[in-house]
Amino acid sequence: MPGVGDKARDPNRVIVFDTTLRDGEQAPGFSMGVAEKLEMARALADLGVDVIEAGFAAASPGDEEAVRVVSGEIEGPAFCSLSRATEGDIMAAHRALAHNRGRRIHIFLGTSPIHRKAKFNMTADEVLAQAVRSVAFARTLFDDVEFSAEDAIRTEPDFLGDVMEAVAEAGASTLNVPDTVGYSTPIEIHALFQYLHGRIAPKYPDAVLSAHCHDDLGMAVANTLAAVQAGARQVEVAVNGIGERAGNSALEEVVMALRTRADQYGLTTGVDTTKLVGVSRLLSKVTESPVPRNKAIVGVNAFAHEAGIHQHGVLVDARTYEIMLPQDVGFDGTSFVLGKHSGRHAVAKRASVLGHELSGNFLSAVFRGFKRRADEIGEINDRELLAIISSAAKEDTREDGGRRVVHS
Ligand code: KIV
Ligand code: ZN
């Protein structure tokens with residue numbers, strides 16, 4: 001069945017709504033054309049996300065075209081366009097998604113006092129009426145309507161509850177609560193979702209509460225997970241955490257947190273986690289933006305060890321310093337980086353892989369040469385290690401008056 005369908009009815013299933021191609025793409029440096037969006041959307045469908053927000057059809061003819069092409073060519077997830085709460089935007093989204101059977105429209109309207117005053121100069125009642133009008137109109141064209149109360153976190157909770165109830169009554173089936181400016185904290189957002197869940201679930205049991213968190217204070221993923229613990233069953237996320245300003249919740253982090261800490265959350269997603277690194281690398285390629293080494297889950301350091309104590313521990317039992325299997329996110333395996341923090345054990349092991357069994361005084365000599373060189377250049381690759389072994393061998397031969405020559 002195209003679209004989200006029954007997944008939304010399974011209480012233990014978290015809907016993964018990917019906004020890499022909309023919120024992610026609208027951030028400086030991450031812009032994508034139709035071809036790049038198509039390549040990414042294929043990979044996201046393959047990854048197993050449930051909804052792909054392909055763009056904001058009314059934003060530009062290029063965006064409308066991208067939503068049309070991507071949603072027309074790829075099967076599997078529901079495709080979605082962002083839309084302001086106006087008939088013109090809703091019509092543009094409808095035109096762009098006309099060929100997608102599982103299509104969804106995502107309508108947003110600022111509800112906080114600052115948005116009401118600074119953006120619209122409207123009263124709370126006027127905002128509520130526009131939200132309801134736009135959802136009711138969208139329902140004449142779409143079966144699947146999502147409503148976002150933009151800047152929900154800075155909206156009065158009782159008014160936010162009134163808006164959510166009213167749009168659910170008008171036919172919105174997903175109620176998104178964005179922390180538009182990344183201001184919330186895990187405890188605060190947990191309480192807000194509990195409050196909203198208490199108001200919405202008894203009257204609209206099929207409505208899905210959704211979290212959309214920005215990372216301005218570095219808490220997007222923690223806030224998303226806190227919302228999930230309080231009843232959210234859709235997470236809005238982006239690959240590598242790209243998005244407005246400091247970005248959105250990182251897809252790979254939310255998904256792996258839910259999986260790795262299933263003991264805490266008891267929830268599942270439809271994501272094939274072994275494809276996470278591949279999708280992250282693809283996004284990095286199409287946007288020409290490198291993934292930081294230390295990025296959780298997909299950075300090259302996520303399963304790499306240089307410190308001797310850690311390398312030794314991982315060699316004995318990887319669980320000493322790894323909480324996930326590298327293969328589960330798409331890496332080949334753990335990587336041991338040789339550098340000034342590495343120990344004799346790791347150096348001897350790498351040398352052995354390269355065909356040199358080192359022990360005793362000769363290993364000590366190689367290890368001294370290794371530490372000297374690592375202080376100079378940092379990481380020691382295989383070529384450098386072989387050069388160190390060879391120079392220690394020459395040194396050793398000279399000390400022996402030229403008699404001993406075999407050190408491999
Ligand atoms: O951050 C935000 O509020 C948004 C909405 C448009 C959902 O991206
Ligand atoms: Zn956003």
Q) Mind checking which residues of segment 120-138 are within 30 Å of the chain's Cα centre (by Cα) and either within 18 Å of A8 (Cβ to Cβ) or open to solvent by 30 Å² or more (accessible area, probe 1.4 Å) (or both)? A) V135, A138
Q) If you go through segment 316-351, how many residues are without any contact (Cβ under 8 Å) to a residue 40 or more places away in the chain and over 14 Å from N301 (Cα atoms)? A) 17
(Q) Please count how many residues of segment 303-347 are closer than 20 Å to G278 by Cα and touching a strand residue (DSSP E or B) at 6+ places or on another chain (Cβ under 6 Å). (A) 2
Q. Name the pairs whose Cβ atoms lie under 8 Å apart, with the first residue in segment 168-181 and within 29 Å of A246 (Cα to Cα), the second within 11 Å of ligand 2 (Cβ to nearest atom) and of a type in the set (S, T, Y), and 6 or more positions between them or separate chains?
A. N176/S148; V177/S148; P178/S148
Q: Just give me the residues in segment 228-252 being open to solvent by less than 50 Å² (accessible area, probe 1.4 Å) and away from ligand 1 (no atom under 16 Å from the Cβ), in sequence order.
A: V228, A230, G231, N240, E252
Q. Tally time: how many residues in segment 25-57 are under 17 Å from S148 (Cα atoms) and of a type outside the set (F, W, Y)?
A. 6
Q. Can you tell me which of L276, L282, L251 is closer than 18 Å to V51 by Cβ, of a type in the set (A, V, I, L, M, F, W, C) and more than 16 Å from ligand 2 (Cβ to nearest atom)?
A. L276
Q) Any residue at all in segment 229-243 that is under 16 Å from H190 (Cβ atoms), more than 16 Å from the chain's Cα centre (by Cα) and within 16 Å of ligand 2 (Cβ to nearest atom)? A) yes
Q: Looking only at segment 63-113, count how many residues are assigned to a loop (DSSP other than H, G, I, E, B), of a type outside the set (A, V, I, L, M, F, W, C) and farther than 22 Å from L44 by Cβ.
A: 3
Q. Do you know which residues across segment 6-34 are within 19 Å of A207 (Cα to Cα) and open to solvent by 20 Å² or more (accessible area, probe 1.4 Å)?
A. D6, K7, A8, R9, D10, P11, N12, R13
Q: Would you check if there is a residue in segment 259-267 being within 16 Å of ligand 1 (Cβ to nearest atom), within 16 Å of V49 (Cβ to Cβ) and not in a helix (DSSP H, G or I)?
A: no
Q) So which residues in segment 128-152 are in a helix (DSSP H, G or I) and closer than 13 Å to L109 by Cα, if there are any at all? A) L128, A129, Q130, A131, V132, R133, S134, V135, A152
**Q.** Within segment 144-167, considering residues that are open to solvent by 10 Å² or more (accessible area, probe 1.4 Å) and hydrophobic (A, V, I, L, M, F, W, C), the one nearest to V132 (Cα to Cα)
**A.** A166
Q. Counting just the residues of segment 151-188 that are touching an Asp or Glu at 6+ places or on another chain (Cβ under 7 Å) and away from ligand 2 (no atom under 13 Å from the Cβ), which one comes out nearest to D215 (Cα to Cα)?
A. T174
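The values are calculated or read from the model by the stated rules, or taken from the named source; none is laboratory data. Source: prediction; values computed, not measured. Ideal geometry is used to build each Cβ from the backbone, glycine not excepted, and the neighbour counts take in all protein chains shown. Heavy atoms of the whole protein, side chains included, go into the accessibility calculation; ligands, DNA and RNA do not. Shrake-Rupley method; radii C 1.70, N 1.55, O 1.52, S 1.80 Å.
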